[in-house]
Amino acid sequence: MSATNTALHQDPHRVVDNREKVLEVAIGREVRAFRRKQEVTVSELSATTGISIGMLSKIENGNTSPSLTTLQSLAHALNVPLTAFFRGFEESRTAVHTKAGEGVELERAGTRANHQYNLLGHIGANSSGVIVEPYLITLSDEADVFPTFQHAGIETIYMLEGEVDYRHGDNIYSLRPGDTLFFDADAPHGPENLVKLPARYLSIISYPQET
């Protein structure tokens, strides 16, 4: 499916210059996460704490600065320490810089088909709730076709070198340098026909982190 003019929900150029607002958002995210993890509805939390549903909604969406008394009530109701609500604000933000040729070569399912995987970086548990695995995949002259990979998440392929006919489900896409394929990785997928070798492409897989 080709790209459309669908409105995007993220502004890639957005900046946040209000540290207090960032704290409100971090607190709200943690309150919502603890509530959902314990399978407590907003109505139930409201009844337990005496905080109105409207105020709870504002807190979870980061639209208000809850008082210390309010946070203490929420911590007691959710059976967590008060400091747990500040975890997302205090944790460090990580960046991974991998120089050319320094990616970690891994053994994955495709290795048995002579597909070389180099992991370009990895960030574990983080405040976004998403795990992203960027790979540089190389298919040599000895590589076999393997169109039946299946795993959780969303995958993006960006072709760098060579030509490959790539299967996703019942469809086959001809990928040449500069081409991109973006798909649900739960469907069977992988190289169907190695047209021009060697072939190299970036494979970026994202999926929700377990909580």
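Cβ separations smaller than 7 Å between residues 6+ apart or across chains give the following pairs from segment 22-39 residues that are among the basic types (Lys, Arg) to residues that are assigned to a loop (DSSP other than H, G, I, E, B) and open to solvent by 50 Å² or more (accessible area, probe 1.4 Å): LYS37/THR211.
When you scan segment 179-196, how many residues do you find that are over 19 Å from LEU120 (Cβ atoms) and either among the charged types (D, E, K, R) or open to solvent by 40 Å² or more (accessible area, probe 1.4 Å) (or both)? Count: 8.
Going through (1) open to solvent by less than 40 Å² (accessible area, probe 1.4 Å); (2) modelled with pLDDT of 90 or more one by one, GLU163 falls short only on (1). When the criteria are applied in full, TYR135 meets the requirement of being closer than 26 Å to ALA100 by Cβ, within 15 Å of the chain's Cα centre (by Cα) and of a type in the set (Phe, Trp, Tyr). Taking only segment 186-211 into account, find how many residues are part of a strand (DSSP E or B), without any contact (Cβ under 8 Å) to a residue 40 or more places away in the chain and among the hydrophobic types (A, V, I, L, M, F, W, C). Count: 1. Pairing each residue of segment 139-150 that is closer than 15 Å to ALA199 by Cα and surrounded by 12 or more Cβ atoms within 10 Å (Cβ to Cβ) with any residue that is at pLDDT 75 or above and among the small types (Gly, Ala, Ser), provided the two are 6+ apart or on different chains, yields C-beta distances under 6 Å for LEU139/ALA199; PHE146/GLY190. A single entry from ALA26, ALA47, ALA33 fulfils the requirement of being modelled with pLDDT of 90 or more and either of a type in the set (Asp, Glu) or open to solvent by less than 80 Å² (accessible area, probe 1.4 Å) (or both): ALA33. Considering only residues that are of a type in the set (Val, Ile, Thr) and farther than 23 Å from VAL22 by Cα, which ones fall in segment 35-81? VAL40, THR41, THR48, THR49 - these are the residues of segment 35-81 that are of a type in the set (Val, Ile, Thr) and farther than 23 Å from VAL22 by Cα.
Scanning segment 74-88 for residues that are open to solvent by 30 Å² or more (accessible area, probe 1.4 Å) and either part of a helix (DSSP H, G or I) or acidic (Asp, Glu) (or both) yields a count of 6.
Whether any residue in segment 103-114 is at pLDDT 85 or above and farther than 18 Å from SER206 by Cβ is what I want to check. The answer is no; no qualifying residue exists. Please indicate, with yes or no, whether at least one residue in segment 163-185 is among the aromatic types (Phe, Trp, Tyr) and either within 30 Å of ARG32 (Cβ to Cβ) or in contact (Cβ under 8 Å) with a residue 40 or more places away in the chain (or both). Yes, some residue in segment 163-185 is among the aromatic types (Phe, Trp, Tyr) and either within 30 Å of ARG32 (Cβ to Cβ) or in contact (Cβ under 8 Å) with a residue 40 or more places away in the chain (or both).
The values are calculated or read from the model by the stated rules, or taken from the named source; none is laboratory data. Computed from a predicted structure; not experimentally measured. Note that we place each Cβ from the backbone using ideal geometry, even for glycine, and neighbour counts take in every protein chain shown. Side chains included, ligands, DNA and RNA excluded: accessible areas come from the protein's heavy atoms. Shrake-Rupley method; radii C 1.70, N 1.55, O 1.52, S 1.80 Å.
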